[in-house]
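This report refers to the structure that appears directly beneath it.
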Amino acid sequence: MRAPIHPEELRSTPASSRIAAEIGGISLGATSTAHGPLLASEAEFSRFLVRENACEMEFVVAFADRCDEKPGELEFDSRGLWKLFRNPDGYCFQFTSAAIGPTPYKQALVSRDFRCGRIELSREYFRAEQPVNPLEYPLDELLWIHRLSMGDGVEVHGCGVITPDGRGLLLTGHSGAGKSTSARLWSQRDGARLLSDDRIILRREKGQVWMYGTPWHGDAGIAESERWPLDGIFVLAQAPSNALRPLGSLEASAELYARSFVPHHSAEAVTFILDFFSKVTGQVPCFEFSFVPDLTAVEALLREQLGKTNAA
């Protein structure tokens, strides 16, 4: 793992012609052209910034008079901020905002392997003297999601917990299932740490499943750049009492898939992610965790994990 820039250093780091970040063990660098914009990043990225001259993904950032009118064949429409197009050279993400009208204010031209590309900012909406974050959400997350789906890993809706006895737990759920609530409860437990309260990246490396924190946090605002071995997966459901139900690999895989970020327009990505979850759930114990949203839920999982530790 590369050493992140310390948050204290960032307070004195001016806008520059390059920013680089590492999320989920994959690095991305963005470099402005000679007459391009000054680059900066938001607070959520502070713990993920790295000093890298060559990253796994490299992008050039430039101003453009306007974004392409016909960037390719429409591949996916989010019905929100962005659309994805496919063309002979790769892909194009275009971004619009209801506040400024239908004309795209930014686009990212990306190679087919998601290893390089060009981010173009429309001169109509960006001032040359104003520092900008070229990876402003949701482009940052989109680039990592697609890159991961090419054989590296998957991003899931989840709260990543490191217990006082050193076990890594993924508490996964849809919006409203209790991820942020669980994060707040675990933050009150002495010795426990959290990687994220909303989005976790999972990867398999040398036979070990790892969970990584991401900058895309939830209501609790927890976002750490650390990674940790994964020892248990718990699908959350709020209930009148705390209860654990073991899940078989097939059921657990389906639950994870329903709570993950999948580029559904790509058959290759879907195939990889289904196989990935099959391997993960065959290796890591999985449960449905019906829980009461108070500290008894924390103690219930600690007893479960401590019991496994003692048995081992």
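Of all lysines in the structure, those lying under 28 Å Cα to Cα from Lys279, and not within fewer than 8 positions of it along the same chain, are Lys179, Lys206, Lys308.
Membrane-span-like helices in the chain, defined here as complete DSSP H runs extending at least 18 Å along the helix axis by their C-alpha atoms with mean Kyte-Doolittle hydropathy no lower than -1.0, are 267-283, 295-311; this is a sequence and geometry rule, not a statement about a membrane.
With the Cα gyration tensor of segment 94-150 giving a ≥ b ≥ c as the square roots of its eigenvalues, does the rule (a/c under 1.5 for rounded; else a/b larger than b/c for prolate; else oblate) give rounded, prolate or oblate? Because a/c hits 1.5 or more and a/b exceeds b/c, segment 94-150 counts as prolate. Rounded to the nearest 20, the size of the Cβ-charge dipole of the chain about its Cα centre is 260 debye, with Lys and Arg at +1 and Asp and Glu at -1.
For Asp294 and Ser17, calculate 0.36 nm times their separation in residues minus their Cα-Cα distance, and state this gained length in nm to one decimal. Present the calculation step by step, with values, prior to reporting the outcome.
Numbers: separation 277, 0.36 × 277 = 99.72 nm, distance 4.71 nm.
Between Asp294 and Ser17, full extension yields 95.0 nm more.
Over all other residues within a Cβ to Cβ distance under 15 Å of Arg86, the charged ones net out to -4, with Lys and Arg as +1 and Asp and Glu as -1.
Structural descriptor for segment 52-108: relative contact order 24 percent, calculated from alpha carbon pairs under 8 angstrom and at least 6 residues apart.
For a quick check, take a GNM of the chain with Cα springs below 10 Å and name the residue from Trp144, Trp82, Trp216 with the largest mean-square fluctuation. Fluctuation is largest for Trp82.
Throughout, read-outs are computed from the coordinates displayed, never taken from laboratory work. Quantities reported herein were computed from a predicted structural model and do not represent experimental measurements. Reconstructed Cβ throughout: ideal geometry from the backbone, glycine too, with neighbour counts over all protein chains shown.
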